Amino acid sequence: MAVFLGIDVGTSGTKTLAMREDGTILASATSTYGLSSPQPGWSEQDPADWWDATITSVKKVLKAGKIKPEEVAGIGLSGQMHGSVFLDKQKHVIRPAILWNDQRTAAECADIEKKAGGREKLIQLVANPALTGFTAPKILWLRKHEPKHYDKTTQILLPKDYVRFCLTGEFATEVSDASGTLLLDVRNRVWSKPLLEKLDISGSLLPKVYESEEVSGQLSEAAAKLLGLKKGVPVVGGGGDQAAGAIGNGIVKRGVISATMGTSGVVFAHSDEVQIDPQGRVHTFCHAVRDKWHVMGVVLSAGGSLQWLRNQLAQAEIAAAKRLKTDPYNLMTEEAAEAPAGCEGLFFLPYLTGERTPHADPNARGAWIGLSLRHGRAHLIRSVMEGATYAMRDSLEIINELKIPIREIRLSGGGARSDFWRQMQADVYGRRVVTINAEEGPAYGVALLAAAGTGHYKSVVEACTAAIKVVSSTDPQAEAKRVYTKSYPLYGRLYKSLKADYAELARLVAEV
């Protein structure tokens, strides 16, 4: 039986997964690396680290899965979105890659909106507003602040596409990841010539765009020797990490939504048509399913808020967990369960690193509101979990506004592994939530894309239907649903009340 590799070039490490064509996972391995922050708000990595981690993780998987080189029939690629790798005419990396979480480009975002003719016009051109994480403002930043580097640049690649170049020698990308550059005409799935002209960026700097399951190149002889594989293995387009993760969750049909509660939170909806929020509160990108799209909301500090609470205020739980040989989160959720739904009027705003959906406000900050003498540790913990879940509901409400049906919500990430948090999500969303048999994320998704793209399935939808099954469901509890339905509107008004104060706070911090 054929074997397919999925390679996911993440921010903290590269994960490789081996999958049989029936969807069975044979082995997976991750090789980690660091990132640098040369100045506050900057985030960079050396692309060579991604390639080294790819070689290491592939070799580990082949060994662990006892996979013969001739068994590997295809490779799929995923990775962190929006990053920028700049190459010169010798195809050498010019400078460290600027990553998705880099915040240096606020001025360039404003410049892009101005040159596009305003925010509304920009959204009409590329379906999204300009955000600091996207690729286009990074390109303008390089041109303005490092002109010598810009003048040397002959090709600009996204992170996974640099690894593709190392694998195949080809310059290529695919529609889902390209959507996050802010340079793709998302409606027509091609580079936006009008916007490129307005920004004075040459189209020759950008790679060819493929559909996600389409073969984009073959493994070169040199790469095959390094990886321990055979020359000529097809490498498909793959997907940006969110679209690839959605493939791995089976979000390939109308009405099926995913809610991933990781460090960040992502609500992802499949769409058969291009559906754009005129206010730009959610992203509209091409999906990794041919000729389909997706709408996506992003919460920057979802599970990350609970992680912050653990690290800063849960030393007692960490110590107890060590004695009991369990995870501190288990003890924290047990405490949270002691507080009632709604935490007796205590709210937590989970904006520890600013917020993307629906506010697009880098100045937003976390806050507890409603504290009283009645509140104890259980309330504090539960309110953080409720705040992150309310933030996820913000995205669901916008998706509902866009008339995208919500028939099934599939949970994944840390928030899906906790019985308590699964129930809370059902209660806050007011809908049944389900879990599935796959938890491997983007690497699994692009392995499925490779299976479809090399003809082992007729389509991506057929591959997902064969491999992915619902294994559990959780219905909302009537009383908790009532409490959250009543409390949610107030949660939304709290940000609006504080918006101007957040901006003033940012100015104050900058002046100190």
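The values are calculated or read from the model by the stated rules, or taken from the named source; none is laboratory data. Every value quoted in this text rests on a predicted model; they were computed, and no experiment measured them. All Cβ positions, glycine included, derive from the backbone under ideal geometry; neighbour counts span all protein chains shown.
Does Tyr444 meet the test of being of a type in the set (Phe, Trp, Tyr), at pLDDT 95 or above and assigned by TED's automatic domain parsing to the domain that holds Ile7? So Tyr444 passes the test. Residues in segment 351-380 that are closer than 20 Å to Leu313 by Cα and under 25 Å from the mean Cα position of the chain (by Cα) were compared, and the one that is surrounded by the most Cβ atoms within 10 Å (Cβ to Cβ) is Tyr351. Consider Ala107 carefully, then state whether it is touching an Asp or Glu at 6+ places or on another chain (Cβ under 9 Å) and either of a type in the set (Gly, Ala, Ser) or free of Cβ contacts under 8 Å to residues at least 24 places away in the same chain (or both). The answer is no for Ala107.
Annotation note: of Thr56, Thr11, the sole residue that is over 18 Å from Asp241 (Cβ atoms) and among the polar types (S, T, N, Q) is Thr56. Being in contact with a helix residue (DSSP H, G or I) (Cβ under 7 Å, 6 or more places away or on another chain) and either assigned by TED's automatic domain parsing to the domain that holds Arg187 or of a type in the set (Gly, Ala, Ser) (or both) is the filter; apply it to segment 268-289 and report the residue that is surrounded by the fewest Cβ atoms within 10 Å (Cβ to Cβ). It comes out as Gly280. Report whether or not Gly76 is in a strand (DSSP E or B) and not hydroxyl-bearing (Ser, Thr, Tyr). Taking the combined requirement at face value, the residue satisfies it.
Just one of the numbered conditions (1) in contact with a Pro (Cβ under 6 Å, 6 or more places away or on another chain); (2) on the phi < 0 side of the Ramachandran plot; (3) surrounded by 17 or more Cβ atoms within 10 Å (Cβ to Cβ) is not true of Ile318: (3). Whether any residue in segment 36-49 is modelled with pLDDT of 95 or more, of a type in the set (A, V, I, L, M), closer than 18 Å to Pro159 by Cα and not in a loop (DSSP other than H, G, I, E, B) is what I want to check. Within segment 36-49, one or more residues are modelled with pLDDT of 95 or more, of a type in the set (A, V, I, L, M), closer than 18 Å to Pro159 by Cα and not in a loop (DSSP other than H, G, I, E, B).
When Gln90 is tested against (1) crowded, with 17+ Cβ neighbours inside 10 Å; (2) modelled with pLDDT of 95 or more; (3) polar (S, T, N, Q), exactly one condition is not met: (1).
Would you point out the residue of segment 209-245, among those that are polar (S, T, N, Q) and in a loop (DSSP other than H, G, I, E, B), that is surrounded by the most Cβ atoms within 10 Å (Cβ to Cβ)? Checked segment 209-245; the qualifying residue surrounded by the most Cβ atoms within 10 Å (Cβ to Cβ) is Ser212. Can you name the residue in segment 169-185 that is among the acidic types (Asp, Glu) and touching a Leu at 6+ places or on another chain (Cβ under 9 Å) and is also surrounded by the most Cβ atoms within 10 Å (Cβ to Cβ) among such residues? Filtering first and then ranking leaves Asp177. Summed over segment 309-351, the residues that are touching a His at 6+ places or on another chain (Cβ under 6 Å) and under 19 Å from Gln477 (Cα atoms) give a count of 2. If you check Ser472, Ser497 for being over 29 Å from Thr11 (Cβ atoms) and in contact with a strand residue (DSSP E or B) (Cβ under 6 Å, 6 or more places away or on another chain), only one passes: Ser472.
Condition check ((1) hydrophobic (A, V, I, L, M, F, W, C); (2) under 29 Å from Ala360 (Cα atoms)) across all residues:
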| position | (1), (2) |
| --- | --- |
| Ala73 | yes, no |
| Gly79 | no, yes |
| Leu87 | yes, no |
| His92 | no, no |
| Lys115 | no, yes |
| Ala130 | yes, yes |
| Leu142 | yes, yes |
| Asp151 | no, no |
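Note on segment 125-141: residues that are surrounded by fewer than 23 Cβ atoms within 10 Å (Cβ to Cβ) and modelled with pLDDT of 95 or more amount to 3.
Looking at Asp49, Asp22, Asp8, which one is closer than 19 Å to His82 by Cβ, in the same structural domain as Leu99 (by TED's automatic domain parsing), surrounded by fewer than 24 Cβ atoms within 10 Å (Cβ to Cβ) and not small (Gly, Ala, Ser)? So the residue among Asp49, Asp22, Asp8 that is closer than 19 Å to His82 by Cβ, in the same structural domain as Leu99 (by TED's automatic domain parsing), surrounded by fewer than 24 Cβ atoms within 10 Å (Cβ to Cβ) and not small (Gly, Ala, Ser) is Asp49.
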